[in-house]
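**Q** My questions will all concern the structure given below.
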Amino acid sequence: MSATELHIPHTPAATRQGLAARIWKSRIDYLFLVPGLLIFGAFIVWPLIASEYYSLLNWTGFGAAKKFVGLQNYRELLQDEFFLNAFKRSFLFTLATVPLQMFISLVFAILLNNKLLKLSTLFRTMIFLPVVTPVVVIAIVIALMLSPFNGPINGLLLDAGLFERAVDFLGSPQLVLWTLAGVFVWKWTGVTLIYWLAALQTVPEELYEAAKLDGVKTWQVTVFVVLPIIAPFAVVIGLISAIAALNVFPLIQSTTQGGPFFASEVMEVFIFRIAFAPSGGMVPQLGYASAAGVLFGLAVMILTIFQIVAVRRARRKDPANG
Amino acid sequence: MSTRQIDGLSRRAFLASSSAFALAALAGRSLAQEVKNIDPSIAEKITIADPSLDLPPADGPFRWLDSGGQKGVFYRQFFPKYAETRGIEVVYDGLPWNEIATVLPLGIRNGSAPDAFNLPNGMPPAVAVAEGWVQPLDDLIPDLDAWKAGFPAGSFVEGVNVIEGKTYGLPYTSERRCSSLLLFSRKAMELTEFDPGPGAPLTWDQFRTAAAQITKNSGGSMFGLIMGGNQGNRWSANLVQLANRGGAACASSVAGCLSCVDYRTGEIVVDKDEFVEAMELLLAIRDDGSMFPGIMSLNAPQARAFVEQGGAGMILQGPWNVPIWEANNPDFDFGLAPTPAPEGKDGKTIVDALPSAANTMYVNAAAKNPAYAADVFHYMGTLDGQVAWGNVVGPSDPPIFPKAAEEAEMSERSKAVIALQEKQVRVSPVVYARSPGFTKVAQLYEEPTPNLANVVQGLYTGQLSGVKESLSKLKDAMNAALDKAITDANAEGANVRREDLVYSDWDPSVDYAS
């Protein structure tokens, strides 16, 4: 193919050509898409379709015997208290972590965005360090830190006289989910911080300078100038953070495995337990687990749609968008 | 105020490296514990016998997959020597059970499964045969009957590793293990008025008192008892084996449908007095303040480490602790005793079959190198292979040949554990042998949630209340699940009844030999 064929001018004559002809003319371009499409198809599209198909089966996942049961798995799930509780916990976890994570990271971002702050690189590094640390390592370290036997956090709480007895953060059914939420926020605040810092780059430098000339205080600049400008980003950051908070399998599996007695079992841990029966003693139920996955996926999709609508509304209100 | 640009990927790369190094250094001590017991000198003690059959040229590497752990410790030393002797390449993979459950079925489907493997947890061998995953050893191992005759009675059982008269599984390790031995720090036990040992078990009252005395007399630096509380199997094993000592005759190690069945009556017995009292014992130790704090976030290896480090005095765990402690900390002075028993009782620990189901190996029906799999299987079923295994693994997964356990080079404690288990552990009837249709029941059984491990954990944390009520509710759920599985299995031609679970001639104090 010659260079001229690759760079066809966008003329009315060209647009009148059939789709097949246009694709053929740009075949080299499309060829470059093939690897990506194959990977996307194999690892995203196919698993999605397969899990929907499996959800209609009574199937262990390893046997050839697959019995079509229609919507029976879905009907059973809606009456399965462990599924409903895991579902609820997933969203509670998200509700607890996302606002907290967004608020803390926003405060850090505003502070770190100030050139007058000394050692900001060091602080940014410290905040980002947990992000790049493997979850399994964090699980080990957190278990040691929070240990009611000789953990330093309990040591501090006891020395400060805040508690009379050590607190079993990861072993108490009442505390475990919130403790893990705290660990999650600590681990991922660095990522949200980067998003906020990126948002802060969109605030025009002239506004800071004008505010400075007018003698406006720093907090007033932040509240009345900066926050309104970066507010639309909150929806996108919230969406990304919410989806991340619904995907907490590695953290929970490597710390509590959903325990004690299911107190920290969120949806992904529930699905894993049913699909693979990792502790033995029960036969895996891949069909049932797939149905749970489909329902959970639908819920996340609905959440996403709400947030997309919110993003559009926010854009409409954004003066920068006219 | 002015803006600051965000730095690029180089910082991330730096952060990734530095944090990984920093935290790996922190975690390194605990992660390294499990591998320190590899002794390279052991490999020198492994002798590879001449081939047991005519070996054809290998078709690519000979591949072996199992669940690792102690098996990995042995095979990582065995296979290099084997490969060198036979002039082939060997690939050994030791994977966690959850990975075997995903990797193996995929491998079978796409033709990339290893030549020899463990079946996924909970998969009945009959299903693997029916699905065409595995091939019988009958045509692979020459003079199979003579080879099988070298194994102790009860090693080859219909429904367990023999299906419809053909031999499929290699049963090379014994399930005659007590996974809730009382293991204790001698320094801690000196704080009590007791001196337990292999021939001197504690009573339940003494056990509770010892836990309280360790906690009190150590001045708060040590707790009496510890468990790996976030591992469900530790709760169920400890409860069942405490109940066994009180006289409950049922196994804790069986998977799924036959869990906690007393074959004298064919009934599920999880709410009998022995179970209720065992649970109340654990709760009493908790309420005394003698249980190590934070056990719900500890797994079994972490709990074991706290005993070695002096944080806890006693633990109920299996024989695998012995070689690990001896290798990791030769100066750690510890003792062992049978699971505590109620006053005046001396019940046996029950296991569901002599061969360890978790270690049984099978040959892939589509193996590229079945002859080499058969060659290794044959070796592991000889005294030489069994002694080599015993030399490396010790009492953790005892060789199935009692003579090999005697001849293997082990510490005094390891020998004591094996002797204790020979005396303490008994094999129950194997239902699959008399009623092969129960393999279909096992396949269709849907274990109720919560299961026994969950219920014990829930009672301990206070999320469930009423020991008797909770265990009765569990028993009802288990009965309902079993009855449903039997009905479903019969609909597929299994031809089984609940009455098939009754072995009125079974005496739990001896191995069931029929």
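**Q** Can you tell me how many residues within the stretch A:49-81 are assigned to a helix (DSSP H, G or I) and over 18 Å from residue B:106 (Cβ atoms)?
**A** The number of residues fulfilling the criteria is 8.
Residues are listed down the side, and each one gets a yes or a no for (1) more than 22 Å from residue B:317 (Cα to Cα); (2) among the polar types (S, T, N, Q); (3) outside the structural domain of residue B:340 (by TED's automatic domain parsing):
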{"residue": "B:371", "(1), (2), (3)": "yes, no, yes"}
{"residue": "B:382", "(1), (2), (3)": "yes, yes, yes"}
{"residue": "B:387", "(1), (2), (3)": "yes, no, yes"}
{"residue": "B:398", "(1), (2), (3)": "no, no, yes"}
{"residue": "B:403", "(1), (2), (3)": "yes, no, yes"}
{"residue": "B:419", "(1), (2), (3)": "no, no, yes"}
{"residue": "B:423", "(1), (2), (3)": "no, no, yes"}
{"residue": "B:426", "(1), (2), (3)": "no, no, yes"}
{"residue": "B:441", "(1), (2), (3)": "yes, no, no"}
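**Q** So is residue A:190 in the same structural domain as residue A:126 (by TED's automatic domain parsing), among the small types (Gly, Ala, Ser) and within 19 Å of the chain's Cα centre (by Cα) or not?
**A** Details: in the same structural domain as residue A:126 (by TED's automatic domain parsing): yes; among the small types (Gly, Ala, Ser): yes; within 19 Å of the chain's Cα centre (by Cα): yes.
So residue A:190 fits the description; yes.
**Q** Out of all the residues in the stretch A:180-197, is one or more aliphatic (A, V, I, L, M), surrounded by fewer than 20 Cβ atoms within 10 Å (Cβ to Cβ), more than 21 Å from residue A:247 (Cβ to Cβ) and within 12 Å of another protein chain (Cβ to nearest Cβ)?
**A** The answer is no, given that none of the residues of the stretch A:180-197 is aliphatic (A, V, I, L, M), surrounded by fewer than 20 Cβ atoms within 10 Å (Cβ to Cβ), more than 21 Å from residue A:247 (Cβ to Cβ) and within 12 Å of another protein chain (Cβ to nearest Cβ).
**Q** Could we say that residue B:304 is basic (Lys, Arg) and within 23 Å of residue B:187 (Cβ to Cβ) here? Show your work before the answer.
**A** Numbers: basic (Lys, Arg): yes; within 23 Å of residue B:187 (Cβ to Cβ): yes.
Against the criterion (basic (Lys, Arg) and within 23 Å of residue B:187 (Cβ to Cβ)), residue B:304 qualifies.
**Q** I need every pair where a residue in the stretch B:156-174 that is without any contact (Cβ under 8 Å) to a residue 12 or more places away in the chain and farther than 19 Å from residue B:71 by Cβ has its Cβ under 9 Å from the Cβ of a residue that is small (Gly, Ala, Ser) and outside any strand (DSSP E or B), sequence separation at least 6 or different chains.
**A** Listed by first residue and then by second, the contacts come to B:162/B:169; B:162/B:433.
**Q** From the set of residues in the stretch A:64-81 that are surrounded by fewer than 16 Cβ atoms within 10 Å (Cβ to Cβ) and among the hydrophobic types (A, V, I, L, M, F, W, C), which is farthest from the other protein chains (Cβ to nearest Cβ)?
**A** A:71
**Q** OK, next. Given the stretch B:111-228, what helices (runs of 4 or more DSSP H) lie entirely inside it while holding 3 or more residues that are within 14 Å of chain A (Cβ to nearest Cβ)?
**A** Passing ranges, in order: B:125-130.
**Q** Another question about this same structure. Of everything in the stretch A:118-144 that's at the interface with chain B (Cβ under 9 Å from one of its Cβ atoms) and not in a helix (DSSP H, G or I), which residue is surrounded by the most Cβ atoms within 10 Å (Cβ to Cβ)?
**A** Filtering first and then ranking leaves A:133.
**Q** Do we find a residue being over 27 Å from residue B:317 (Cα atoms) and touching a strand residue (DSSP E or B) at 6+ places or on another chain (Cβ under 8 Å) anywhere in the stretch B:169-183?
**A** Yes.
**Q** Select from the stretch A:103-117 the residues that are over 29 Å from the mean Cα position of the chain (by Cα) and either more than 7 Å from chain B (Cβ to nearest Cβ) or of a type outside the set (D, E, K, R) (or both) and write down the one among them that is nearest to residue A:205 (Cα to Cα).
**A** Among residues in the stretch A:103-117 that are over 29 Å from the mean Cα position of the chain (by Cα) and either more than 7 Å from chain B (Cβ to nearest Cβ) or of a type outside the set (D, E, K, R) (or both), the one nearest to residue A:205 (Cα to Cα) is A:116.
**Q** Quick one: residue B:411 ticks every box in (1) of a type in the set (Ser, Thr, Tyr); (2) modelled with pLDDT of 90 or more; (3) surrounded by 18 or more Cβ atoms within 10 Å (Cβ to Cβ) except a single one, so which number is it?
**A** Only one criterion in (1) of a type in the set (Ser, Thr, Tyr); (2) modelled with pLDDT of 90 or more; (3) surrounded by 18 or more Cβ atoms within 10 Å (Cβ to Cβ) is unmet by residue B:411, namely (3).
**Q** Can I ask one more? Which residues, counting only those in the stretch B:273-292, are surrounded by 22 or more Cβ atoms within 10 Å (Cβ to Cβ) and part of a loop (DSSP other than H, G, I, E, B)?
**A** Scanning the stretch B:273-292 gives B:290, B:292.
**Q** Taking the stretch B:101-129 as the region of interest, how many residues are at pLDDT below 85 and either under 17 Å from the mean Cα position of the chain (by Cα) or closer than 15 Å to residue B:169 by Cβ (or both)?
**A** Selection size over the stretch B:101-129: 8.
**Q** From (1) touching a residue at least 24 places away in the same chain (Cβ under 8 Å); (2) assigned to a loop (DSSP other than H, G, I, E, B); (3) more than 30 Å from residue B:136 (Cα to Cα), pick out the condition that doesn't hold for residue B:331.
**A** (1)
**Q** Further question: Scan the stretch A:82-95 and give yes if some residue there is facing chain B (nearest Cβ under 10 Å), assigned to a loop (DSSP other than H, G, I, E, B) and out of contact with any helix residue (DSSP H, G or I) (no Cβ under 6 Å at 6 or more places or on another chain), otherwise no.
**A** For the stretch A:82-95, residues facing chain B (nearest Cβ under 10 Å), assigned to a loop (DSSP other than H, G, I, E, B) and out of contact with any helix residue (DSSP H, G or I) (no Cβ under 6 Å at 6 or more places or on another chain): absent.
Residue-wise test of (1) modelled with pLDDT of 95 or more; (2) within 30 Å of residue A:263 (Cα to Cα).
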| position | (1), (2) |
| --- | --- |
| A:147 | no, yes |
| A:155 | no, yes |
| A:161 | no, yes |
| A:165 | no, yes |
| A:171 | no, yes |
| A:183 | yes, yes |
| A:200 | no, no |
| A:212 | no, no |
| A:217 | no, no |
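**Q** Assigned by TED's automatic domain parsing to the domain that holds residue B:475 and on the phi > 0 side of the Ramachandran plot: is that true of residue B:266 in this structure?
**A** Yes, satisfied.
**Q** Let me ask something additional. Would you say residue A:252 is of a type in the set (Val, Ile, Thr), assigned by TED's automatic domain parsing to the domain that holds residue A:304 and surrounded by 20 or more Cβ atoms within 10 Å (Cβ to Cβ)?
**A** Yes, satisfied.
**Q** What are the residues in the stretch B:464-490 that are over 19 Å from residue A:283 (Cα atoms), loosely packed, with under 15 Cβ neighbours inside 10 Å and not polar (S, T, N, Q), if any?
**A** Selection gives B:466, B:468, B:469, B:476.
**Q** Would you confirm, using the coordinates I've provided, whether residue B:294 is at pLDDT below 95 and farther than 23 Å from residue B:506 by Cβ?
**A** Judged against the criteria, residue B:294 is a match.
**Q** A further question on this structure: Wholly within the stretch B:415-514, which helices (runs of 4 or more DSSP H) include no fewer than the required count, namely at least 2 residues that are within 14 Å of chain A (Cβ to nearest Cβ)?
**A** B:438-444, B:452-461, B:467-491
**Q** Select from the stretch A:91-101 the residues that are of a type outside the set (Val, Ile, Thr) and surrounded by 20 or more Cβ atoms within 10 Å (Cβ to Cβ) and write down the one among them that is nearest to residue A:202 (Cα to Cα).
**A** That would be A:101.
**Q** Let me ask another. Filter the stretch A:145-172 for residues that are at the interface with another protein chain (Cβ under 7 Å from one of its Cβ atoms), of a type in the set (D, E, K, R) and surrounded by fewer than 20 Cβ atoms within 10 Å (Cβ to Cβ) and give the result.
**A** Listed by number, the list is empty, since nothing qualifies.
**Q** Condition first: more than 8 Å from chain B (Cβ to nearest Cβ) and within 30 Å of the chain's Cα centre (by Cα). Can you find one or more residues in the stretch A:206-220 that meet it?
**A** no
The values are calculated or read from the model by the stated rules, or taken from the named source; none is laboratory data. Keep in mind that this is a model prediction, so the values were computed, not measured. We place every Cβ from the backbone using ideal geometry, glycine too, and count neighbours over all the protein chains shown.
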